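*Asks:* Quick one: the structure is below, and I'll ask about it shortly.
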Amino acid sequence: DFKQTIVELYQSGNKSKSELAREYGVSRTSINNWIELYTEIAVDENTTVTYKELLAIKKENQRLKQEAEFLKKTLTIFAQK
């Protein structure tokens, strides 16, 4: 992926954000956002996730909570009959 490649180039220390922005024709703001999205976060000693993956996990968790709440309400309705 293009964005991830830019982040890897920056993290390797070979190029600054400004150099990457000029060379690839993207803004420094975009590069900053990509760095935030694709930098790995240590969850524990054996697990890392990117911010992008963390956002996806949070979104899925919220969906599952809503689904569970809906099922509880549905069960309550059927139990009353």
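*Asks:* About the Cα centre, and with charges only on the beta carbon of Lys, Arg (+1) and Asp, Glu (-1), how big is the dipole of the chain? Nearest 20 debye, please.
*Replies:* 560 debye
*Asks:* Determine which residues of region 24-48 fall in the zone a paramagnetic label at SER18 would reach in this model, i.e. backbone nitrogen under 13 Å from the point 7 Å along Cα→Cβ.
*Replies:* Correct set: 28.
*Asks:* Now, a different point. From the residues ASN46, THR74, LEU64, which one has its Cα farthest along the dipole of the chain in the positive direction, the dipole being from +1 and -1 charges on Cβ of Lys/Arg and Asp/Glu about the Cα centre?
*Replies:* THR74
*Asks:* Connecting C-alpha atoms closer than 10 Å in a GNM of the chain, tell me which of LYS52, LYS65, LYS17 has the biggest fluctuation.
*Replies:* Largest GNM mean-square fluctuation: LYS65.
*Asks:* What are the principal axis extents of the Cα atoms in the chain, in Å, biggest first?
*Replies:* 68, 31, 17
*Asks:* Given a 1.4 Å probe, how much area per residue of the chain is accessible, in Å²?
*Replies:* On a per-residue basis, the chain sits at 81 Å².
*Asks:* How big, in percent, is the set of alpha carbon pairs in region 7-53 lying more than 12 Å apart?
*Replies:* For region 7-53, the fraction of Cα-Cα distances above 12 Å is 63 percent.
*Asks:* Among the listed pairs LYS17/LYS52; LYS3/LYS59; LYS3/LYS65; LYS3/LYS58, which are separated by more than 25 Å between their Cα atoms?
*Replies:* LYS3/LYS65
The values are calculated or read from the model by the stated rules, or taken from the named source; none is laboratory data. Not measured: the values here are computed from a predicted model. Here Cβ is always computed from backbone atoms with ideal geometry, including for glycine, and neighbour counts include all displayed protein chains. For accessibility, only protein heavy atoms count, side chains too; no ligands or nucleic acids. Shrake-Rupley method; radii C 1.70, N 1.55, O 1.52, S 1.80 Å.
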